[in-house]
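Here the structure is laid out as structure tokens; the discussion comes afterwards.
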Amino acid sequence: MRLPIDPQADAARRAWVPCPGCDDARDCTTCADRRNCREHWRYLISNKGTRVHLQCPSCTHTWTLETRRGRGLPTP
């Protein structure tokens, strides 16, 4: 089921991290070079401390990412 884009989503608040839902940037050379790609960005919905809440505009998957050093794994 595809979710709608979150009402808090704002294209001016973006993050460049892989989407665990669709992995749409897997073959992108710009993303592989860890540069900000024009196509493969994520909405930064909100944050609480070092936890950021993201949504992929391609597949609409939402997830939380812990950005504290050494903890960069998606959480359900």
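Okay, here's what the table says:
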| read-out | value |
| --- | --- |
| Cross-chain or 6+ apart pairs with Cβ under 9 Å, the range 37-58 first and closer than 21 Å to ARG69 by Cβ and touching a residue at least 60 places away in the same chain (Cβ under 8 Å), then of a type in the set (Ser, Thr, Tyr) and surrounded by fewer than 14 Cβ atoms within 10 Å (Cβ to Cβ) | none |
| All positions within the range 1-38 that are of a type in the set (A, V, I, L, M) and not in a loop (DSSP other than H, G, I, E, B) | ALA15, ALA32 |
| Pairs, first farther than 14 Å from CYS59 by Cβ in the range 1-30, second in a loop (DSSP other than H, G, I, E, B) and among the aliphatic types (A, V, I, L, M), C-beta under 9 Å, six or more apart | TRP16/ALA25 |
| Flag if ALA11 is surrounded by fewer than 16 Cβ atoms within 10 Å (Cβ to Cβ) and touching a strand residue (DSSP E or B) at 6+ places or on another chain (Cβ under 9 Å) | yes |
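Results for (1) modelled with pLDDT under 95; (2) exposed (fewer than 15 other Cβ atoms within 10 Å of the Cβ); (3) charged (D, E, K, R), shown as yes or no for each residue.
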| position | (1), (2), (3) |
| --- | --- |
| MET1 | yes, yes, no |
| ALA25 | yes, no, no |
| ASN36 | yes, yes, no |
| ASN47 | yes, no, no |
| HIS53 | no, no, no |
| GLU66 | yes, no, yes |
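The values are calculated or read from the model by the stated rules, or taken from the named source; none is laboratory data. On a predicted model such as this, the values are computed, not experimentally measured, just so you know. Virtual Cβ from ideal backbone geometry, glycine too; neighbours counted across all protein chains shown.
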